[in-house]
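Heads up: the structure comes next, in structure tokens.
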Amino acid sequence: MDINQSVTSLKGVGPAIAAKMEKIGVSSLQDVLFHLPLRYVDKTTVTPIRSLRHGDSRVVVGQIDGAQIAFGRRRSLLVGISDDSGHMLIRMFFFSRAQQRALQPGKWVWLFGEARLGAKGIEMIHPEYRVSENIPETQTTCASLTPIYPSTEGVSQAVWMKITDQVLDGALDDVQELLPSSVLEQFDMPQLANALREIHRPAKASLDDEGAIPADMRERLVFEELLAQHLGLRQLREQRENKSAVALDDAAELQQTFLSALPFDLTSAQQRVAKEISSDLERDSPMNRLVQGDVGSGKTVVAALALLKAVVSNGQAALMAPTELLAEQHLKNISHWFEPLGIQVAWLSGKQKKSERQAVLQGLQSGEFQLVVGTHALFQDGVEFDRLLLIIIDEQHRFGVEQRLALRNKGLAGKQPHQLIMTATPIPRTLAMAFYADIDVSSIDELPPGRMPVETVVVSDNRRPELIGRVREACSGGQQTYWVCPLIDESEVLQAQAATDTADLLAKEMPDISVALVHGRMKPAEKESVMQRFRDGEVQLLVATTVIEVGVDVPSASLMVIENAERLGLSQLHQLRGRVGRGSQKSVCLLMYHGQLGQNAKQRLTLMRETNDGFEIARKDLEMRGPGEMLGTRQTGELGLRIANVIRDQHWLPVVERIAGELLRDHRDVIQPLTKRWLAHQEVYGNV
Ligand code: ADP
Ligand code: MG
């Protein structure tokens, strides 16, 4: 049997079952081998009826002592069974006449099922059973534990048993051992084929306490999968390094002019990261760099320096932001910085007027505009560039891989644009090692001088009147304040409504304070004018939805109230809170919660109170929510892993990195088959 054959080559698998199996990722014989049992049940020993407890899945052997149809709420067949120790019932809601006839008093039955305590004592509903004339020979029926496979509607455990039996018999010998024996010996690991056999059909003795997959066997698979994943990314990196890009020119002079007009000096972390980016950009292979820096660390200036390099190289650059509001702010900042240098900045958004958009598209296509700032509208079809050399994506955790690839394809024929991604959600080192091995990472690990940590206070919304008093006092004392109304409901309409109501209410309660409102359903020009009035100090209290979550920068704001804080994730709270504490004055963030706090919410809010460190918060967020959410859609479903789990198995990651290095150096022949074995189902590796 060829391991890459379709499951339809197995006995008992027709097109209908194959289609159902495909939905859970099983289409080849190899997929069957890697479709691991969830748990096992023990059918090797017989349990006396008297020792059955509610919830146990057990084998019972007994004799039928009666059968009758019960007409209760649902018609059912009840069959009484006795052994030396006691009496129980089988209950069936669906049964044929033939079944009913076969279950005759005096016959023996072997049963397996889950015991339940019903009104008439212990019973099993629709157990697996076999009827015989004499005492069944139980010892020989099952030598190993019985696996229970994850499944889907319409594929029974009996089907899984039948097909795994066939594949284990026919195809297991074709599973090539790809890890060098030196590696297996080093970690005292079994051969892959042996591990798979043991996992599918474990001997009773090897089951662990929780009845899970034998730990050392699972580790063997986890290790190989993580290794393959890491190698896949290293290959992506190699491929990228072999692609060509336009090497950008030195822009020191223009950059110096720009920097000297700023009211501050760069921090040394900003200087270091700018230098790292600059040397990437001067190479003729495409840059793929991630800049991570906590909220307020000053990523925008660093991005601006890179943009200038594209300009002096007579090329084009695009800066993309995840929200309209943030994109508008970038447009404003960058235009303000660059117009004195004689550089025009174009704007592209989904909400633009058609004629305006048309003019921008034309200017980009002709090369008239060198810089463009925008939202995801930038990577839509119909946006064409004359000479796109650099793409910068701000707050990347909101963008999917596919979207990034779409922009990359807008470069010159045969060349890839350089790509820079900026994020305030730092990726813990171990994760970066495993999942960003194709990307270079720079960290702005220092905040501009004079920043003071934001003081965070957690309060119940019972104390709302008191809180309003405090805000009013702060505002009349000249402090600018955000009042954030997030809703768990993602609907912009509902969010906007809640914020509008709150703004009305607050305006009524604080007649002497100038209150304004910003939300996602307002027109871009309206939003911009509100933000401008807030920036200018005309507005003292800005009521907002989570549209202000990322990137918004008004350094004079120093107080923030977040409603329903208990419903938000840690990273989101940290982002929101990062809107204050951007200037040199002391800032406060009030996290308001509703009702009684659950254990988990309490833990989260306490952590927010205790730390301002984005790294610490990201680590905790990862623990609490898992990496899928944290890394956005980089790879969906636990990052596309079948067996490994990056949290549980993270102790392997440094080892994996080391062994991957060894394989790349000494065993290059196994790399392609390894990545093919594990990653073929992940699209990302196919189209880069
Ligand atoms: P983020 O990394 O969150 O995107 P921004 O780029 O928005 O941060 O910068 C936050 C604020 O800090 C802005 O007002 C910016 O002008 C200012 N800033 C950036 N770098 C420095 C610096 N080296 N010294 C003082 N202020 C700075
Ligand atoms: Mg930013």
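The values are calculated or read from the model by the stated rules, or taken from the named source; none is laboratory data. It should be emphasised that the depicted structure is a prediction, and the values quoted were computed from it without experimental measurement. Every residue, glycine among them, receives a Cβ derived from its backbone with ideal geometry; neighbour counts consider all protein chains shown. Side chains included, ligands, DNA and RNA excluded: accessible areas come from the protein's heavy atoms. Shrake-Rupley method; radii C 1.70, N 1.55, O 1.52, S 1.80 Å.
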Every residue from region 545-566 that is crowded, with 17+ Cβ neighbours inside 10 Å, farther than 24 Å from residue 393 by Cα and more than 16 Å from ligand 2 (Cβ to nearest atom): 558, 559, 560, 561, 562, 563, 564, 565, 566
Cβ-Cβ below 7 Å, separation at least six or inter-chain, first residue in region 554-573 and free of Cβ contacts under 8 Å to residues at least 40 places away in the same chain, second open to solvent by 20 Å² or more (accessible area, probe 1.4 Å): which pairs? 555/582; 566/593; 566/594; 566/597
Among the residues that make up region 90-109, is at least one of them assigned to a strand (DSSP E or B) and touching a residue at least 40 places away in the same chain (Cβ under 8 Å)? yes
Residue by residue through region 565-582, note down the ones that are in contact with a strand residue (DSSP E or B) (Cβ under 7 Å, 6 or more places away or on another chain) and either assigned to a loop (DSSP other than H, G, I, E, B) or more than 16 Å from ligand 1 (Cβ to nearest atom) (or both). 565, 566, 579, 580
For residues in region 299-335 being within 16 Å of ligand 1 (Cβ to nearest atom), part of a helix (DSSP H, G or I) and over 20 Å from residue 270 (Cα atoms), which is modelled with the lowest pLDDT? 325
Return the pairs, sorted by first residue and then second, in which the second residue is not in a loop (DSSP other than H, G, I, E, B), the first residue lies in region 184-200 and is of a type in the set (Lys, Arg), the beta carbons are less than 8 Å apart, and the residues are 6+ apart or on different chains. 197/168; 197/172
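Filtering region 316-337 down to residues that are of a type in the set (Gly, Ala, Ser) and crowded, with 23+ Cβ neighbours inside 10 Å, which residue is nearest to residue 387 (Cα to Cα)? Step through it out loud before you land on a result.
Step one: filter region 316-337 for residues of a type in the set (Gly, Ala, Ser), giving 317-318, 321, 327, 335.
Still in the list and also crowded, with 23+ Cβ neighbours inside 10 Å: 317-318, 321, 327.
Values: 317: 8, 318: 11, 321: 21, 327: 22 Å.
In this case the residue turns out to be 317.
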If only one of 232, 293 is away from ligand 1 (no atom under 16 Å from the Cβ), small (Gly, Ala, Ser) and open to solvent by less than 20 Å² (accessible area, probe 1.4 Å), which one is it? 232
If we ask which residues in region 15-29 are touching a helix residue (DSSP H, G or I) at 6+ places or on another chain (Cβ under 7 Å) and either in a helix (DSSP H, G or I) or of a type outside the set (Gly, Ala, Ser) (or both), their number turns out to be 6
Going by the structure shown, is residue 158 of a type in the set (A, V, I, L, M, F, W, C), assigned to a helix (DSSP H, G or I), modelled with pLDDT under 95 and exposed (fewer than 12 other Cβ atoms within 10 Å of the Cβ)? yes
Exclusive hit being part of a loop (DSSP other than H, G, I, E, B) and within 16 Å of ligand 2 (Cβ to nearest atom), set 179, 248, 266: 266
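Please state which one of 609, 579, 604 is touching a residue at least 40 places away in the same chain (Cβ under 8 Å), surrounded by 15 or more Cβ atoms within 10 Å (Cβ to Cβ) and of a type in the set (Lys, Arg). Please lay out each step first, then the result.
On the way: 609 fails: surrounded by 15 or more Cβ atoms within 10 Å (Cβ to Cβ); 604 fails: touching a residue at least 40 places away in the same chain (Cβ under 8 Å).
Matching residue, one of 609, 579, 604: 579.
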Filter result for residue 64 (crowded, with 19+ Cβ neighbours inside 10 Å, in a strand (DSSP E or B) and at pLDDT 90 or above): yes
Have a look at 457, 493 and point out the one that is assigned to a helix (DSSP H, G or I) and in contact with a Lys or Arg (Cβ under 9 Å, 6 or more places away or on another chain). 493
Within the group 235, 255, which residue is assigned to a helix (DSSP H, G or I) and in contact with a Leu (Cβ under 6 Å, 6 or more places away or on another chain)? 255
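With the structure loaded, tell me whether residue 426 is part of a loop (DSSP other than H, G, I, E, B), modelled with pLDDT under 90, assigned by TED's automatic domain parsing to the domain that holds residue 556 and crowded, with 20+ Cβ neighbours inside 10 Å or whether it fails that test.
no
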Can you tell me which of 13, 79 is without any contact (Cβ under 8 Å) to a residue 60 or more places away in the chain and among the aliphatic types (A, V, I, L, M)? 79
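Could you tell me which of the residues 281, 236, 290 is in contact with an Asp or Glu (Cβ under 8 Å, 6 or more places away or on another chain) and in the same structural domain as residue 439 (by TED's automatic domain parsing)?
290
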Criterion first (more than 30 Å from residue 226 (Cα to Cα), assigned to a helix (DSSP H, G or I) and modelled with pLDDT under 90) does residue 474 satisfy it? no
Give region 209-226 a look and list any residue that's open to solvent by 40 Å² or more (accessible area, probe 1.4 Å) and either under 30 Å from the mean Cα position of the chain (by Cα) or modelled with pLDDT of 90 or more (or both), or say none. 210, 215, 216, 218, 219
Can you tell which of 467, 506 is in a helix (DSSP H, G or I) and either at pLDDT below 85 or out of contact with any strand residue (DSSP E or B) (no Cβ under 6 Å at 6 or more places or on another chain) (or both)? 467
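Restricting to region 1-23, name every residue that is open to solvent by 20 Å² or more (accessible area, probe 1.4 Å) and under 17 Å from residue 158 (Cα atoms).
Of everything in region 1-23, those that are open to solvent by 20 Å² or more (accessible area, probe 1.4 Å) and under 17 Å from residue 158 (Cα atoms) turn out to be 8, 11, 12, 14, 16, 17, 20.
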Flagged pairs (Cβ under 7 angstrom, 6 or more apart or on separate chains; first in region 291-312, more than 9 Å from ligand 2 (Cβ to nearest atom); second of a type in the set (Lys, Arg)) are 291/299
Take the residues in region 345-400 that are in contact (Cβ under 8 Å) with a residue 40 or more places away in the chain and part of a helix (DSSP H, G or I), then tell me which one is nearest to residue 318 (Cα to Cα). 378
Residue 534 fails exactly one of the following numbered conditions: (1) part of a helix (DSSP H, G or I); (2) among the aromatic types (Phe, Trp, Tyr); (3) within 34 Å of the chain's Cα centre (by Cα). What is the number of that condition? (3)
If you scan region 172-197, which residues turn out to be surrounded by 13 or more Cβ atoms within 10 Å (Cβ to Cβ) and modelled with pLDDT under 90? 174
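Which ones in region 338-353 are closer than 19 Å to residue 379 by Cβ and either basic (Lys, Arg) or surrounded by 14 or more Cβ atoms within 10 Å (Cβ to Cβ) (or both)?
345, 346, 347, 348, 349, 351, 352
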